[in-house]
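The values are calculated or read from the model by the stated rules, or taken from the named source; none is laboratory data. From a predicted model like this one, the values you see are computed outputs, not experimental measurements. Counting neighbours? That spans all protein chains shown, and the Cβs are built from the backbone with ideal geometry, glycine included. We work out accessible area using only protein heavy atoms, side chains counted, and drop any ligands, DNA or RNA first. Shrake-Rupley method; radii C 1.70, N 1.55, O 1.52, S 1.80 Å.
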Amino acid sequence: MKKVQPQRSVARARIAAVTLAVVCAAVVMPRPARAQGILPSAASIRVQNAPERMRVLWIAAHPDDEDTQLISWLARGRHVETAYLSLSRGDGGQNLIGNELGEALGVIRTEELLAARRLDGAHQYFGRAYDFGFSKTADETRKHWPQDSLLRDVITVMRAFRPHIVITTFSGTPRDGHGQHQISAIVARDAYNFAADTVRFPVREFGKPWTPLKFYRLARFSPQDRTIAINVGEYDPYLGLSYQEIAADSRSQHKSQGEGTLRRKGVVWDYLTREDSRVPAPPAKEEKSIFAGLDTTKLLVQDGRVTPPELPPTLALEAVADRQALAVGDTAKITMTLYNRGRVPVHIESGIIHFPPTLLPDSSYQWTQPLVETEITQPWWLAEPRNGDLFTPRINGTSEDERERQKWAHVTVVTSAQGTLSDVAAPIVFHYVDRVRGDVQRPLIVAPGISLTLDEATTMARANGPFNRSLKATLRSAFRDTTTTTVTLAVPRGITADSVTRTIVMAPAGTRTLTFRLRGTLPRGTHQVAATAHARGRDYRTGYIPIEYSHINPQRIYRPSTLTINATDVALPARLNVAYVPGVGDNVAPVLQQLGVPLTIVDADDIPQTDLSRFTAIVVGPRAYQASQTLQDNNDYLLAYVRNGGRLIVQYGQGEMQRPGITPYPITLQQRAERVTDENAPVTFTDPQSPLLNSPNKITQDDFKGWVQERASYMPSTFDSHYRTMLAMNDPGEQPNRAAILAAPYGRGTYIYVPLALFRQLPAGVPGSARIFANLLGGNTIR
């Protein structure tokens, strides 16, 4: 909870709820036309007693499942209060902009959805589901996401948001493909049916009952089923954009998924299918508007091109902190400035912060406010460990954008012309100028006094072999004063450190990195190194990983100051010298280095001028060809390396792998590529004598134990006869696929294509994945 110290006669209030009553002495000026591409902020000023607006709730499974075209048309074009509820945060996907996967990727995609909503004008909600990866059926999804738990989340949101219309992206049938897509539609319809059921969903737990009035499904993927078509290409002269253009910019915020979208001018149709109506309305096929049958005399729906809503008083608020990070329990000084940017004076009705009696046009008033925080800044859903594939903190019906806004500073004003209350808000920021970037505003961060982050959370090592590693510990201080800090290491038996205790002096808001040298040997198994920082009479055992990209707000993910070491019996081929071309969301190269593989990172741009002949093997990371046109252009160099006797290992790709010249011999993938999503699916050795299963490590069924998320991704359905296979696997009820590893002689060398999901297993510390990958790197040439 936020605690604000009272100042003078100020009644106790959170800094995010400093309430000022002021009177605007004139009517609101007409809304001016806006420059192209600049949208008004829907969150900075709110009219509190505006007429009730029509509300529409969109429900689907993941970030990017929503239709931003219709959302923009609803929110910006018809001023309907619109929200998107994503059951998950997209944690199980791939990352095209960095190496974050799992929960860290979910944080990125959460922020990308919030960035999208800031453009298209809608609210954003989430369920508690953790995206465990691709699933093929609704039944498979239910094993990870208990359907009753999801329904409880959706009912909670539905009763809080109280939509008149519900829309879902998917049909709830196998044609949706992804099992999570199917479940999202099934749960959406159940919530529509049962939102008013107070026996099954009591008021004390889920809020007041609600009855949505109409239910639609997106028909973009099946336009033959549509009952209504909407031109989302309408141009809005007040915004200087069409709603499709706004939607394209919104969609393009999903950068981690590579969802950049083209702006299109002119008519653009989008389609819906009406599946239910509880109000008198024309037959579905005759309906001209999704609002048909609803009382639009009481529920505000406006054509933004003709009747733009009136703006509240032209006021602006700034809340600037005196530092970038605030230690828990410390006090920050917040400088608040209220600007009258309008053309008429603003008269003060209450004297609670000793405002002047009148705030003239083009003038401002500034005051300071102390702030004390008791909770660190972090993604709220990660504050507790997950319960299986559900996040633990309960859904309370508050949208994600409102949670963000609750941290802001607020000023409440009242206009005499309409007698309406307006909430003027701004985030609390640290504001400075960068000589290159210019104006920089970063949200105030609340952190432990000392944060201690080890450079790795999980690592692999060769069991009973020499262990000689450096361990970096980064300390960050949020204290305002110089702080003496002592760092202590606890190491497992068999390991010694060059020093287990070091004392340093941390500068105010300073950062220091200490490097420890660990040596010894470890038996097979799991071991742990733990670090503790002691400062100002208390111990600190957590640190954070910053997540920062230019298109989203920065975030921090906290983790224990520990390093888990998975010691594995793995033999390496002799005289290895490996080149690695990085892929997408790729954390494989560091693990290979941990295992003792001599490795050089080679960028796709550098392939032509690199002497490839000096490498015993070249590894291409997952989806590298998809992400890099340069790699495709330079692929001839890699194939020539193989023809001259080299060994090329290419981790999985997608449809681009079918293009001529990418692989030495053709492969084909189905439109919905085959994959094995059950991480425990049985594996059959179809060629037990294959060198890739025998040298230098004898691969057994034990090597396929303890896998995470999946067995294989985007497996070819057919492949040229030059390829040799040695493994077969399938999900329940499906035919075996033999393309988890494809190896072919090519010239004097060997080409190996690997849809087997080693890219997930190695960073997770799965022992068998290390042994399999070691075999791919060397051994006998495939003939």
query: Can you tell me how many residues in segment 691-715 are open to solvent by less than 50 Å² (accessible area, probe 1.4 Å) and either farther than 17 Å from Leu776 by Cβ or part of a strand (DSSP E or B) (or both)?
result: 5
Within segment 510-524, considering residues that are open to solvent by less than 80 Å² (accessible area, probe 1.4 Å) and touching a residue at least 60 places away in the same chain (Cβ under 8 Å), the one nearest to Phe467 (Cα to Cα): Leu522
Boolean, Pro308 is at pLDDT below 85 and either open to solvent by less than 80 Å² (accessible area, probe 1.4 Å) or part of a loop (DSSP other than H, G, I, E, B) (or both): yes
- prompt: Within segment 595-617, how many residues turn out to be under 32 Å from the mean Cα position of the chain (by Cα) and hydroxyl-bearing (Ser, Thr, Tyr)?
  reply: 1
statement: With the first residue restricted to segment 369-394 and required to be farther than 28 Å from His410 by Cβ and hydroxyl-bearing (Ser, Thr, Tyr), and the second required to be assigned to a strand (DSSP E or B) and open to solvent by less than 60 Å² (accessible area, probe 1.4 Å), Cβ contacts under 9 Å at 6 or more apart or on different chains are Thr392/Arg128
- prompt: Pairs, please: C-beta under 6 Å, at least 6 apart or cross-chain, first residue among the basic types (Lys, Arg) and in segment 464-485, second open to solvent by 50 Å² or more (accessible area, probe 1.4 Å) and in a strand (DSSP E or B)?
  reply: Lys472/Thr513; Lys472/Thr515; Arg476/Thr511
message: Scan segment 736-757 and tell me whether some residue there is among the aliphatic types (A, V, I, L, M) and open to solvent by 40 Å² or more (accessible area, probe 1.4 Å).
response: no
- request: Go through segment 86-96 and give me each residue that's within 19 Å of Thr156 (Cβ to Cβ) and either at pLDDT below 95 or in a loop (DSSP other than H, G, I, E, B) (or both).
  value: Arg89
- prompt: Which one of the conditions (1) closer than 24 Å to Gly621 by Cβ; (2) assigned to a loop (DSSP other than H, G, I, E, B) does Leu648 fail to meet, given that it meets all the rest?
  reply: (2)
query: Do we have Glu100 as under 14 Å from the mean Cα position of the chain (by Cα) and surrounded by fewer than 22 Cβ atoms within 10 Å (Cβ to Cβ) here?
result: yes
message: Would you confirm, using the coordinates I've provided, whether Phe355 is at pLDDT 95 or above and surrounded by 14 or more Cβ atoms within 10 Å (Cβ to Cβ)?
response: no
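If we scan segment 200-223, do we find a residue that is outside any helix (DSSP H, G or I) and under 21 Å from the mean Cα position of the chain (by Cα)?
Within segment 200-223 (the criterion being outside any helix (DSSP H, G or I) and under 21 Å from the mean Cα position of the chain (by Cα)), the answer is no, since none of the residues qualifies.
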- request: Within segment 170-180, track down each residue that is surrounded by 24 or more Cβ atoms within 10 Å (Cβ to Cβ) and in contact with a Phe, Trp or Tyr (Cβ under 8 Å, 6 or more places away or on another chain).
  value: Gln180
task: Among the residues of segment 651-690, write down those that are part of a helix (DSSP H, G or I) and among the hydrophobic types (A, V, I, L, M, F, W, C).
output: Met657
message: Can you say whether Arg53 is modelled with pLDDT of 95 or more and basic (Lys, Arg), as far as the supplied structure shows?
response: no
statement: Per the list (1) at pLDDT 95 or above; (2) open to solvent by 10 Å² or more (accessible area, probe 1.4 Å); (3) within 22 Å of Pro554 (Cβ to Cβ), residue check on Trp73 breaks on (3)
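Residue by residue, here is whether (1) in contact with a Gly (Cβ under 6 Å, 6 or more places away or on another chain); (2) open to solvent by less than 40 Å² (accessible area, probe 1.4 Å); (3) assigned to a helix (DSSP H, G or I); (4) among the aliphatic types (A, V, I, L, M) holds:
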{"position": "Asn193", "(1), (2), (3), (4)": "no, no, yes, no"}
{"position": "Ile230", "(1), (2), (3), (4)": "no, yes, no, yes"}
{"position": "Leu239", "(1), (2), (3), (4)": "no, yes, no, yes"}
{"position": "Thr261", "(1), (2), (3), (4)": "no, no, no, no"}
{"position": "Tyr271", "(1), (2), (3), (4)": "no, no, no, no"}
{"position": "Asp276", "(1), (2), (3), (4)": "no, no, no, no"}
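Residues are listed down the side, and each one gets a yes or a no for (1) among the β-branched types (Val, Ile, Thr); (2) assigned to a loop (DSSP other than H, G, I, E, B); (3) open to solvent by 50 Å² or more (accessible area, probe 1.4 Å); (4) at pLDDT 90 or above:
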| position | (1), (2), (3), (4) |
| --- | --- |
| Arg12 | no, yes, yes, no |
| Thr19 | yes, yes, yes, no |
| Gln36 | no, yes, yes, no |
| Ala42 | no, yes, yes, no |
| Tyr84 | no, no, no, yes |
| Thr110 | yes, no, no, yes |
- line: Within segment 474-491, of all residues that are open to solvent by less than 20 Å² (accessible area, probe 1.4 Å) and out of contact with any Gly (no Cβ under 7 Å at 6 or more places or on another chain), the one farthest from Glu375 (Cα to Cα) is Leu489
- prompt: Among the candidates Tyr665, Tyr723, which residue alone is open to solvent by 20 Å² or more (accessible area, probe 1.4 Å), at negative phi, among the hydroxyl-bearing types (Ser, Thr, Tyr) and in contact with a Phe, Trp or Tyr (Cβ under 7 Å, 6 or more places away or on another chain)?
  reply: Tyr665
Neighbours by Cβ (under 8 Å, 6+ apart or cross-chain): first from segment 539-556, closer than 16 Å to Ala104 by Cβ and assigned to a loop (DSSP other than H, G, I, E, B); second open to solvent by 60 Å² or more (accessible area, probe 1.4 Å) and among the acidic types (Asp, Glu): Pro554/Glu548
message: I'd like to know if segment 222-235 contains one or more residues that are over 17 Å from Ser289 (Cα atoms) and at pLDDT below 95.
response: yes
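Could you grab me the full set of residues in segment 558-572 that are open to solvent by 30 Å² or more (accessible area, probe 1.4 Å) and not in a loop (DSSP other than H, G, I, E, B)? Even if it seems obvious, please write down each step before you answer.
Initially, segment 558-572 is screened for residues open to solvent by 30 Å² or more (accessible area, probe 1.4 Å), giving 558-560, 562, 564, 569, 571-572.
Those that are open to solvent by 30 Å² or more (accessible area, probe 1.4 Å) and not in a loop (DSSP other than H, G, I, E, B): Tyr558, Arg559, Pro560, Thr562, Thr564.
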message: Of all residues being open to solvent by 30 Å² or more (accessible area, probe 1.4 Å) and β-branched (Val, Ile, Thr) in segment 432-473, which is nearest to His527 (Cα to Cα)? Just the residue, please.
response: Thr458
message: I'd like to know if segment 190-206 contains one or more residues that are within 16 Å of Gly397 (Cβ to Cβ), in contact (Cβ under 8 Å) with a residue 60 or more places away in the chain and basic (Lys, Arg).
response: no
message: Quick check on this structure: which one of Trp210, Trp145 is in contact with a helix residue (DSSP H, G or I) (Cβ under 7 Å, 6 or more places away or on another chain), of a type in the set (Phe, Trp, Tyr) and under 19 Å from Glu81 (Cβ atoms)?
response: Trp210
message: Which condition from (1) part of a loop (DSSP other than H, G, I, E, B); (2) modelled with pLDDT of 95 or more; (3) open to solvent by 10 Å² or more (accessible area, probe 1.4 Å) is the one that Pro163 breaks?
response: (3)
- prompt: Do you know which residues across segment 573-607 are touching a helix residue (DSSP H, G or I) at 6+ places or on another chain (Cβ under 6 Å) and either loosely packed, with under 13 Cβ neighbours inside 10 Å or charged (D, E, K, R) (or both)?
  reply: Asp605
